[in-house]
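Each remark here refers to the structure printed beneath this line.
Every number here is computed from the coordinates shown, using simple stated rules; none is lab data. These numbers come from a predicted model, not from an experiment. Note that we place each Cβ from the backbone using ideal geometry, even for glycine, and neighbour counts take in every protein chain shown.
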Amino acid sequence: MPFQITDVTTTDLAEVHALNESEVPHVGTVDIERMRWFAANASYFRVARNDGQLAAFLIGLRPGTNYDSLNYRWFCDRYDDFGYVDRIAVSITARRHGLASRLYNDFAAAMPDSVRIMTCEVNTRPPNEESMRFHNRLGFREVGRRASEDGSKEVAMLLMDL
């Protein structure tokens, strides 16, 4: 499939929000205002389309962003500089075409040469085994775990050398 990857626009946000919400609990739920905040503040926010249809998106941040995510803060407390994948979602119809890998590679390519690592987290409780396999194939390794919501949720904190 010939996917085109472009920067997000304000006209994309309703579709991006709908795709995000379709992928909960693999990504966290957010409201449309948070999507607008990401569009204004994220270091990287790109979408992939095929024949005009939204296929995927990835939102990435760098240290120094005023973002209240405890997972993002965990990495900020431990690493000086990195590219942080806050969320990625691929529509059901666009899966198995290498699109997630293309977005990760595009995010890595957008980083300054001084950025040596990419970070993210993957749910371990409830488990997201498909995502963990994907990240392992890309070269991510676990560097910690973080529990939330009174221990009912847990994420593996992952890092990949660029």
Report summary line: Normalised Cα Rg of region 37-95, dividing by 2.2 N^0.38 Å with N its residue count, works out at 1.29
Report summary line: Sorted by chain and number, the residues with a modelled amide H under 5 Å from that of D86, at a separation of 5 or more or across chains, are I59, G60, L61
Query raised in the report: Once amide H atoms are built 1.01 Å from N in the peptide plane, which residues 5 or more positions from V143, or in another chain, come under 5 Å H to H?
Result: M157, L158, L159
**Report entry** Length added when fully stretched, T9-A110, from 0.36 nm per residue minus Cα-Cα
**Finding:** 34.6 nm
Report task. Evaluate region 1-150: find the radius of gyration of its Cα atoms, find its Kirkwood radius, and give the ratio Rg to Rh. Result -> 0.93
Query - Label zone at R102 (point 7 Å along Cα-to-Cβ), backbone N below 11 Å, region 30-60 - result: 48-51, 55-56
**Report entry** Within region 79-98: backbone nitrogen closer than 20 Å to the N41 label point (7 Å, Cα to C-beta)
**Finding:** 79-89
**Report entry** Per-pair calculated FRET efficiency, R0 = 45 Å: D51 and S152 via Cβ, rounded to 0.05
**Finding:** 0.65
**Report entry** Residues I5, I88, I59, I32 arranged by fewest to most Cβ contacts within 10 Å
**Finding:** I32, I5, I88, I59
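If you stretched the chain out fully between R95 and D68, how much longer would it get, using 0.36 nm times the residue separation minus the C-alpha to C-alpha distance? Working shown, then result.
Values: separation 27, 0.36 × 27 = 9.72 nm, distance 3.01 nm.
6.7 nm is the gain from fully extending R95 to D68.
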